[in-house]
Structures are given as C-alpha cells and as structure tokens.
1. Could you work out the relative contact order of the chain? I mean the mean sequence separation of Cα pairs under 8 Å and 6+ apart, divided by the number of residues, in percent.
2. Below 8 Å, C-alpha to C-alpha, sequence gap of six or more: please give me the relative contact order for region 486-580 in percent.
3. Under a point spin-label approximation (7 Å from Cα along Cα-to-Cβ), what is the T310-Y254 distance to one decimal in nm?
4. Could you please rank E6, E484, E298, placing first whichever residue has the fewest other Cβ atoms within 10 Å of its Cβ?
5. Of the listed peptides 459-465, 497-503, 83-89, what is their order by residue-averaged count of other C-beta atoms within 10 Å, with the highest listed first?
6. Ranked by Cβ crowding within 10 angstrom, fewest neighbours first, how are C15, C302 ordered?
7. For K578, which lysines qualify as cross-link partners when the Cα separation must be under 18 Å and same-chain residues fewer than eight apart are set aside?
8. Using a Förster radius of 30 Å, what is the FRET efficiency between R122 and T55 based on their Cβ-Cβ separation? Nearest 0.05, please.
Amino acid sequence: MNQSNEKLSLIRHSCAHVMAEAVLRLFPGTKIAIGPSIDNGFYYDFDFPADHKPTEDDFAAIEKEMRKILASNAEFVRKEVSKDEALKLFADEPYKVELINDLPADAVISTYTQDGFTDLCRGPHVASTKEINAQAFKLTKMAGAYWRGDSNRPMLTRIYAVCFEKPNDLKDYLAMLAEAEKRDHRKLGVQLDLFHLDPEDPGQIFWHPNGWNMYITLQDYIREKVTKDGYLEVNTPAIMPKSLWERSGHWGHYQKNMFTTQSENRDFAVKPMNCPGALEIFKSRTRSYKDLPLRLAEFGHCVRNEPSGTLHGIMRVRGFVQDDAHIICTEEQIESEVAKFCRLLLDVYKDFGFDQNLLVKLSTMPEDHVGDEATWQRAEASLGAACKSAGMDYEIQEGEGAFYGPKLEFTLIDALGRQWQCGTIQLDYQLPSAERLDAQYIGKDNQKHHPVMLHRAVLGSLERFMGILIENYAGAMPTWLHFEQVAVVPVGLDFNDYADKVAQTLYDAGIRVNSYTDEDNMKSKIKMITSEHKTPYILVVGAKEQEEGTVTIRFRQSSGIQQQTMKLEDFKAYVLEKTATHYNGI
C-alpha cells in the first residue's frame with residue numbers, strides 16, 4: 001500500500017469512530033460492534049434498541065452530528081490496557097466483550113479515545129479529527145449484517161459511508177456512483193428484455209431471447225478463441241458421487257457451498273467446479289509425456305450454495321458457467337503454458353477494449369498451505385517469469401495464493417474506472433497427486449509420473465462477465481455482440497416490402513436484423529429502437545432508397561457519426577467486416 005492509500009485508510013477508519021460516537025449520541029442504548037475501513041470508505045455495525053431504530057432518513061442528522069465532532073479538533077488518544085481492564089471498560093458492550101474474550105490472556109489490547117468516546121481498536125488512526133475533512137464524507141446506505149458473518153448470530157445494522165481526503169474526490173466518486181446506477185445491469189436487463197431474476201429461485205437466471213442471443217454469441221466467441229489456441233472441449237457430469245469429492249478434497253473443505261442429493265443410498269453433489277471431472281477424463285486411459293500438455297476446455301455449468309445475502313443480479317449467482325479449462329502438463333511446461341495463456345487473455349480482452357491498464361497480481365504461498373517451500377518458490381518463479389515474457393508486469397500479493405499453489409489474477413478496468421477481477425490461472429501440484437486423484441503419465445524414462453494442473457479462466461463466470469459488459473457499455477454493446485445489430489424502418493407503409501427485402505438480404509448474410517413494418521409512425525419506431533434496444537444501426541428506407549437500392553443509416557449516438565447513405569451491398573459488407581474482426585464499437 002502506498003503512502004497516499006495508507007493515509008486515506010487511516011482517515012476512513014478514524015471517521016468510522018466518529019460515526020459511532022455520533023450514533024451513540026443520537027440513539028442512546030445502541031450497542032456497537034466493529035467499524036473497519038473498506039474500499040472508498042468505511043462501515044460500522046450497530047445493534048439498535050428495538051423501539052429506536054434509525055432509517056436512511058436519519059443520515060442527514062448523523063452527518064450533522066459527525067461534523068460537530070470533527071469541529072472539536074479532538075485528538076485520537078491511544079491507550080494500552082490489560083484484558084481485565086478492557087472487560088471492565090466495555091462491560092456494557094456485549095460485542096466488544098466477546099471480541100476481548102477471544103484474545104489470549106497476555107494480548108496487548110489498545111483503545112482509542114476522541115472527544116470523550118472510547119472504542120476498542122488496534123489502530124492506528126490520524127492524530128486528530130481536524131485531519132478528516134468535514135465535507136469529504138457521506139453516509140450512503142444501510143444493510144443487515146449478521147454478527148461475525150454467522151446466520152445463527154444476531155442481525156446487526158450496518159451503516160456504510162464513503163470518505164475521501166478532499167471534497168472534490170468525494171464529488172467525483174458520487175458522480176461515478178450516479179452514472180453506475182444508470183448503468184446497473186439489473187435495470188438494463190429489464191429495459192433491454194435480456195433476463196429476469198425470480199426471488200423464489202435466488203441466484204438463478206432466466207435468460208430471455210435477447211439476452212440468450214448475446215450469451216451464446218459470447219460463448220461461441222470464446223469457444224472459437226480457445227479452439228484455435230489448442231484446447232479440446234469436453235463436458236463432464238453435473239452430478240458426481242461423494243467418493244470423488246472426498247478424494248479431491250472438496251467434500252472436506254467446500255461441502256457447505258455444495259448442493260447435495262441422494263440416490264439408491266448413495267450421496268452425490270451437484271458440481272461446484274469442473275476440475276475433478278477434467279482429471280477423470282485424463283485418467284480414462286494411459287497417457288504418455290507425448291500427450292502433454294493436454295488442454296481441456298469445458299463450459300461446465302456449476303452450482304454453488306452462496307448465501308442469499310451475497311447474491312447480486314447476474315454478477316453473483318448460484319448457477320453459472322465458466323470459460324473453464326485445465327491444462328495438464330509437466331513441470332517443465334509450466335512457464336511456456338502460462339505465457340501462452342497470458343497472450344490469449346490479452347487478445348480476448350483487447351476485443352472488449354479492456355487491454356489498457358490491466359492489473360496483474362501474483363498471489364504467493366499462504367501460511368495454510370500444502371507442499372514444501374522449495375516447490376512453492378519454483379512455482380512462483382515460473383508464474384512470474386511467464387507473465388513477464390507475455391509483456392505484463394505484476395504486483396505481489398503476499399500470502400494470497402490458494403492452499404495448493406500460487407496464482408495469477410487479472411483485473412480489468414471498466415469505463416467508469418471500476419476494477420473487476422476476472423481472469424485467473426492457478427498452479428496445482430496437489431489434485432493430480434497420489435494423495436488426491438492420482439493422475440499419472442508415462443515419462444521419457446518409461447516410469448510413472450504425476451503431472452501438474454493449471455486451472456485457468458479468461459472471462460471467469462460468463463454470467464458475471466456479461467453483467468460487466470452491460471454496465472461497461474451501458475447496454476449499447478459492440479455490434480458483433482448485440483442481440484439486434486440492424487433495425488430496418490420504412491418511412492411509411494408503402495415501403496414495407498422494400499424494408500422486408502433489405503432485412504432478408506442482411507439476415508441471409510448472418511446479420512441479426514429486424515424489420516419494423518407495423519403501423520406505428522417512423523419517429524415512434526426510431527425512438528423505441530434507440531431507447532429500448534440500443535440497436536447499432538437503424539436503416540431508414542423510402543422512395544429514394546428503394547429506387548437506388550440504398551439504405552440511409554442512422555448510427556447509434558455513441559458512434560459520433562450521425563447519418564450516412566450506402567448501397568445495400570456495401571452496408572452489408574461493412575457490418576460483416578466489423579463483426580468478423582470483433583470491432584469494439586459499431
């Protein structure tokens with residue numbers, strides 16, 4: 001974390017303490033829990049009295065009280081206390097008492113006091129309240145949060161806030177939030193008739209024809225890319241037996257996130273991931289070193305029992321498909337295979353305009369890991385070298401690797417500057433090992449060896465990536481991906497036949513087109529197509545176009561081009577060229 005980010009984190013955490021003090025002043029009897037800094041701000045969890053619960057309408061009063069506290073220029077004073085002293089100090093705060101009791105007897109416990117309010121906190125904080133700009137924070141929302149994330153514990157009220165060092169930074173962020181709300185994929189999903197979500201079936205998506213059209217186009221696009229890159233597509237069962245999940249380790253480490261069922265007195269699970277199935281295919285016959293690397297791609301439908309409170313539109317769901325693949329290779333092939341994957345990822349992201357400012361992180365060995373340190377060091381060095389050879393720099397995320405191996409994470413930045421972690425490649429020595437699924441190949445020495453497995457995805461969940469695209473483009477997708485590429489609108493009913501002829505010509509060429517020959521007037525049709533469909537090209541045809549075999553094109557507003565007349569055959573060639581090259585626009 002750089003110096004600027006460190007200071008901002010201190011400001012946000014300190015402001016959380018100020019909010020807690022303000023809430024206690026306004027709502028006596030409230031019990032306080034925790035209040036950390038988070039990206040762009042902070043939150044604090046409260047247990048309000050049953051008869052005295054605030055709403056978001058109270059945010060203005062809380063902010064006003066916070067500004068009074070900030071105006072006092074009170075110092076944040078740190079004090080170290082014993083466990084017994086802390087228990088006495090927070091005797092009336094049950095959540096603090098629980099946290100204190102969880103600490104070892106000889107733990108160093110610290111408190112911070114400002115303006116007469118004392119909180120249990122490790123710190124650090126800013127020196128005084130004067131370092132927090134009274135015009136650079138804003139309370140944003142209220143939500144329920146189980147104490148310590150346990151659904152069997154009390155439900156607390158979490159108040160979120162955004163906080164910055166300068167008022168202009170807050171202003172810019174709030175403007176971005178307003179724009180993000182306009183682009184919310186859940187709203188656009190309804191407006192463009194892409195999908196719907198049923199509250200009785202949480203985390204599952206009902207794709208409508210428009211949305212499914214784009215989904216399949218996206219899937220076919222990535223299928224073509226990986227096929228050209230040397231992958232073989234496979235498909236594995238949606239439900240597999242407990243015995244397999246036990247051997248893979250998922251039954252012991254991931255069962256709470258799995259949907260299980262029984263049949264004929266046997267336990268089964270709906271697959272939450274595809275990797276065990278890929279290794280079962282590898283093991284189905286004797287393999288030689290000559291077969292490696294073996295790149296197995298699968299658009300496998302996975303289901304995970306995510307808590308309902310974490311679900312978010314099509315971005316966080318229970319049922320999803322990944323552009324998943326597993327590369328089974330020798331240790332010597334790791335570096336070249338990772339570099340090859342990095343080049344594929346860059347090529348794909350470029351087609352969506354995400355190749356600029358791509359963030360890459362190398363997650364290294366965590367404390368809770370399997371395997372020896374020397375193997376980890378070799379693996380981390382291989383991933384780093386491969387990333388560099390693909391022309392990408394990376395940051396180190398110390399201790400953030402999976403328990404079985406290090407990984408590279410790829411984060412793209414959208415049109416609003418938001419970050420989305422999508423692509424990943426993980427290095428796994430464990431799943432193919434004798435202790436797990438015991439995958440083997442015959443080496444050059446005619447002996448049996450265990451391969452290495454690379455788990456990788458470029459887009460990640462197709463559902464989530466589709467949500468990212470909808471918000472990034474505000475629903476106005478690139479022509480090659482959009483569900484309706486061309487709309488043909490006659491200026492009057494007399495030209496319906498020519499409109500249909502134009503549409504049929506384009507349809508026969510593989511262009512997604514609709515002819516709007518109903519009785520509504522031309523302006524109403526164009527207004528509807530523009531706002532509800534966001535169609536890249538609207539072709540207006542009348543007497544002149546019919547006579548000359550042309551079309552008058554109204555380009556989508558984002559193109560910067562207003563209107564142009566072209567021969568129908570020239571327009572057809574123009575659209576086909578844009579779609580064939582996956583042009584990131586219209």
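No lab work stands behind these numbers, since they all come straight from the coordinates. It should be emphasised that the depicted structure is a prediction, and the values quoted were computed from it without experimental measurement. Using ideal geometry, Cβ is built from the backbone for each residue, glycine included, and neighbour counts are taken over all protein chains shown.
1. Numbers: 1044 pairs, mean separation 56.3, N = 586.
Worked out over the chain, it gives 10 percent.
2. Working: 142 pairs, mean separation 26.2, N = 95.
That works out to 28 percent.
3. The two pseudo-label positions are separated by 1.3 nm.
4. Details: E6 11, E484 19, E298 23.
Listed from fewest to most nearby Cβ atoms, that is E6, E484, E298.
5. Working: 459-465: 22.1, 497-503: 19.6, 83-89: 15.1.
Ranked by mean Cβ neighbours within 10 Å, highest first: 459-465, 497-503, 83-89.
6. Values: C15 29, C302 18.
The most exposed by this proxy come first: C302, C15.
7. Partners found: K225, K350, K534, K567.
8. Once the sixth-power term is evaluated, E becomes 0.40.
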